[in-house]
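This report refers to the structure that appears directly beneath it.
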Amino acid sequence: MFSTVRERVGEVLLPGDEFSFEAEEKISLTAPVKSEKVVCGPGLRRCGDRLVVFKSGVLRHKEPNVFWIDSQQRRYVPAKGESIIGIVTAKSGDVFKVDFGGSEQASLSYLTFEGATKRNRPNVQVGDLVFAQFLIANKDMEPELVCIDSSGRANGMGVFGAGGLLFRVSLGLVRRLLAPHSDIRSDLEQLFPCELVVGMNGRIWVKSATVQQTLIIANLLQSAETMTAQQRQQLFRKVQQGAF
Amino acid sequence: MKDTPLSNCERDFLLKAIEEKKRLDGRQTYDYRKIKISFGTDYGCCFVDLGQTRVMAQVSCELVAPKENRPNEGIMFFNIELSPMASPGFEQGRQSELSVKLNRQLERCLRNSKCIDTESLCVVSGEKVWQIRVDVHTLNNDGNLMDAASIAAITALCHFRRPDVSTQGQEVTVYSPEERDPIPLSIYHMPISVSFAFFQQGTYLLVDPCEREERVMDGLLVIAMNKHREICSIQSSGGIMLLKEQVMRCSKIAGVKVSEITELINEALLNDRKARKAGGKCGFAESMPQERITALKKDETPVEMTDVTETANGIIQKGEAAPQTVPSPVVPVPGVGQVGQGLQNSWGLEDDDEDDYEEEKNDNSGDEQVEEVTKMDVGEGDVVEISDIEEEEVVILNPEVPEKPKNTGSKSHQKGAAASKKRQKK
């Protein structure tokens with residue numbers, strides 16, 4: 001039934017493109033009838049009996065029938081459970097206000113750090129970076145961040161140490177970096193040793209041995225956004241030859 | 001909406017990088033970002049890209065009554081609009097500190113330097129003069145809006161043409177561009193502002209600061225200069241103490257930068273003039289057709305035709321299943337037609353067929369020979385033949401299937417059938 005969508009997987013679609021589903025002309029009498037449901041991810045919307053595209057990007061598919069549009073947008077919309085890099089903008093009472101690049105600031109309670117108690121407050125200053133995940137991400141409520149997982153462990157989250165550079169890339173690049181076998185990441189690993197923190201909100205923090213190397217990595221990642229794999233590898237190779 | 005705050009780590013990193021004479025985008029201390037100047041369709045519309053910073057300037061003119069104390073001078077009006085499109089921190093319609101500062105700076109740079117001959121803008125003394133209005137819109141803010149705005153404004157003023165007028169007694173006639181060519185403004189010189197950012201109380205100096213550098217700088221020195229190295233305005237903000245040598249150095253750098261930028265502007269203007277004279281499309285907006293019947297007409301797209309035959313053949317090869325679904329009447333012996341009986345079973349056809357094919361291969365030496373022949377043909381023949389041969393294969397297979405259950409030993413029949421088929425085909 002969803003063959004019309006399925007056959008366009010991997011193609012670039014634009015807002016306004018639509019798929020219509022007509023009833024199948026042949027119905028098998030013997031095969032058991034399965035009700036097929038399609039799950040629409042970002043960029044796809046149901047409109048009556050049609051499926052309308054409202055973001056430009058590449059149509060992706062995941063078995064059995066999840067479809068979404070892989071776009072290069074930069075605006076971040078919080079989603080529950082996603083880890084982000086935020087900047088602490090204010091301390092008010094027992095919560096911190098954190099800017100994460102969304103439409104609203106999120107709140108982060110000082111008790112949601114590992115090992116924090118009423119007595120033992122975490123050392124967070126205004127302007128510090130935190131790596132946290134969303135506990136509440138709801139369009140009607142203030143988003144809420146935590147720096148612990150469900151078992152109370154930090155699990156990599158918390159306040160950043162000194163040094164390093166923060167910069168912004170598109171959300172598409174962030175997802176590519178965080179994918180299980182990311183090719184950009186494996187290319188980058190061959191370059192310099194560096195610490196990299198990737199937030200789902202499009203912010204990347206990088207720290208390397210020297211300022212020069214940090215700058216190189218930041219610029220490479222920002223330019224890798226619009227490159228093909230071949231161009232990127234060529235560039236990385238050039239940098240590697242120039243650097244050593 | 002609030003602007004994104006600057007984190008401590010960015011601030012520390014930037015200051016550390018500046019100490020090491022490095023900048024975020026790999027520039028040297030005295031380097032400008034890439035400047036791009038382009039023009040709109042109309043006269044007096046100019047876009048300036050300074051790296052990621054982008055501004056647009058539009059010049060317009062109007063006949064107004066002059067100011068009382070200057071009855072024979074035209075009026076210049078400058079306005080910088082900081083729209084939220086440029087940066088989420090800018091608000092529409094509200095005079096922020098920054099916009100006042102930029103407006104004032106632009107006025108000082110262009111009006112107070114008397115770079116435009118305002119007396120030539122007088123039409124009737126004391127009654128009608130031209131008011132030239134320069135609107136600068138910020139489209140994107142990545143720092144150093146002042147330099148981008150000053151380049152855009154002066155380029156737009158150079159590009160602008162005002163309608164020609166004539167006076168006869170008390171009667172003023174304004175001519176449309178069709179009647180008389182519009183007249184350019186008379187511009188004496190082109191003041192261009194150059195910004196210097198100071199860090200660590202003036203220890204380090206950067207030309208053309210980007211947005212993040214602007215946020216961590218201690219002080220800013222803006223020097224407006226023309227290519228004759230005459231300083232038109234100079235402004236220091238941020239409250240830092242500058243040494244005399246530092247200011248002298250800045251003015252020297254500014255001189256070099258201004259001459260470079262002036263050259264670029266002249267080149268851009270010359271290119272635009274050439275394009276307009278040639279009558280071709282020029283400017284950014286002209287690339288979009290408007291309000292024409294042919295707006296939706298598309299040019300014929302050239303289609304690659306090089307390997308069409310190959311792809312077509314490929315499609316034909318893949319489409320070999322077609323004759324199977326509609327089984328042809330079986331021809332057991334030449335000249336005898338048979339319909340219905342012994343027809344191929346179209347239910348679960350594919351599996352059956354393959355099995356049969358294998359069986360055939362195993363126990364049928366005669367057919368194997370045919371196979372071999374076809375294979376050889378495939379090897380040596382050209383592409384066109386392949387499809388033909390494949391069809392032949394189908395032909396051999398087709399009659400084979402129904403024959404099997406009936407009569408296993410009728411090879412001669414089959415061969416005959418196959419041969420007849422072949423003959424029919426050819």
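Data table
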item	result
All positions within region B:1-12 that are at the interface with chain A (Cβ under 9 Å from one of its Cβ atoms) and either out of contact with any strand residue (DSSP E or B) (no Cβ under 6 Å at 6 or more places or on another chain) or outside any loop (DSSP other than H, G, I, E, B) (or both)	B:Met1, B:Lys2, B:Thr4, B:Leu6, B:Asn8, B:Cys9, B:Glu10, B:Arg11, B:Asp12
A:Val124 being at pLDDT 90 or above, of a type outside the set (D, E, K, R) and part of a loop (DSSP other than H, G, I, E, B)	yes
Selected residue (criterion: nearest to the chain's Cα centre (by Cα)) from residues of region B:150-173 that are part of a strand (DSSP E or B) and surrounded by 14 or more Cβ atoms within 10 Å (Cβ to Cβ)	B:Arg161
Test result for B:Gly238, over 32 Å from the mean Cα position of the chain (by Cα) and either under 30 Å from B:Ser7 (Cβ atoms) or open to solvent by less than 10 Å² (accessible area, probe 1.4 Å) (or both)	yes
A:Ser186 vs. criteria more than 14 Å from every other protein chain (Cβ to nearest Cβ), within 20 Å of the chain's Cα centre (by Cα) and open to solvent by less than 20 Å² (accessible area, probe 1.4 Å)	no
Of the criteria (1) in contact (Cβ under 8 Å) with a residue 40 or more places away in the chain; (2) open to solvent by 30 Å² or more (accessible area, probe 1.4 Å); (3) not small (Gly, Ala, Ser), which one B:Val194 fails	(2)
For B:Gln105: the one exception among (1) surrounded by fewer than 22 Cβ atoms within 10 Å (Cβ to Cβ); (2) assigned to a helix (DSSP H, G or I)	(1)
Residue in region A:209-228 that is more than 21 Å from B:Arg23 (Cα to Cα), of a type outside the set (Ser, Thr, Tyr) and free of Cβ contacts under 8 Å to residues at least 24 places away in the same chain present	yes
Output for region A:158-174, where each listed residue is open to solvent by 30 Å² or more (accessible area, probe 1.4 Å), modelled with pLDDT of 90 or more and more than 8 Å from chain B (Cβ to nearest Cβ)	A:Val159, A:Arg168
Test set (1) in a loop (DSSP other than H, G, I, E, B); (2) within 14 Å of chain B (Cβ to nearest Cβ); (3) surrounded by fewer than 16 Cβ atoms within 10 Å (Cβ to Cβ) - A:Asn155 fails condition number	(2)
Conditions (1) out of contact with any helix residue (DSSP H, G or I) (no Cβ under 9 Å at 6 or more places or on another chain); (2) within 14 Å of another protein chain (Cβ to nearest Cβ); number of the one not met by B:Leu15	(1)
Any pair with Cβ under 7 angstrom, 6 or more apart, that starts in region A:1-28 at a residue that is of a type outside the set (Lys, Arg) and ends at one that is modelled with pLDDT under 70 and not in a loop (DSSP other than H, G, I, E, B)	none
Wholly enclosed strands (runs of 3 or more DSSP E) of region A:35-112 bearing at least 2 residues away from chain B (no Cβ under 14 Å) and open to solvent by 20 Å² or more (accessible area, probe 1.4 Å)	A:44-47, A:50-53, A:57-62, A:66-70, A:83-92
Of all residues making up region A:201-237, the number that are polar (S, T, N, Q), more than 9 Å from every other protein chain (Cβ to nearest Cβ) and in a helix (DSSP H, G or I)	8
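Here is a yes/no grid of residues against (1) more than 14 Å from every other protein chain (Cβ to nearest Cβ); (2) over 29 Å from the mean Cα position of the chain (by Cα); (3) of a type in the set (Asp, Glu):
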{"residue": "B:Ile37", "(1), (2), (3)": "yes, no, no"}
{"residue": "B:Leu50", "(1), (2), (3)": "yes, no, no"}
{"residue": "B:Glu68", "(1), (2), (3)": "yes, yes, yes"}
{"residue": "B:Phe78", "(1), (2), (3)": "yes, yes, no"}
{"residue": "B:Ser87", "(1), (2), (3)": "no, no, no"}
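The values are calculated or read from the model by the stated rules, or taken from the named source; none is laboratory data. Note that this is a predicted model, so its numbers are computed, not measured. Cβ coordinates were reconstructed from backbone atoms using ideal geometry, including for glycine residues, and neighbour counts include every protein chain displayed. For the accessible areas, the whole protein counts, side chains as well, though only heavy atoms, and no ligand, DNA or RNA atoms are used. Shrake-Rupley method; radii C 1.70, N 1.55, O 1.52, S 1.80 Å.
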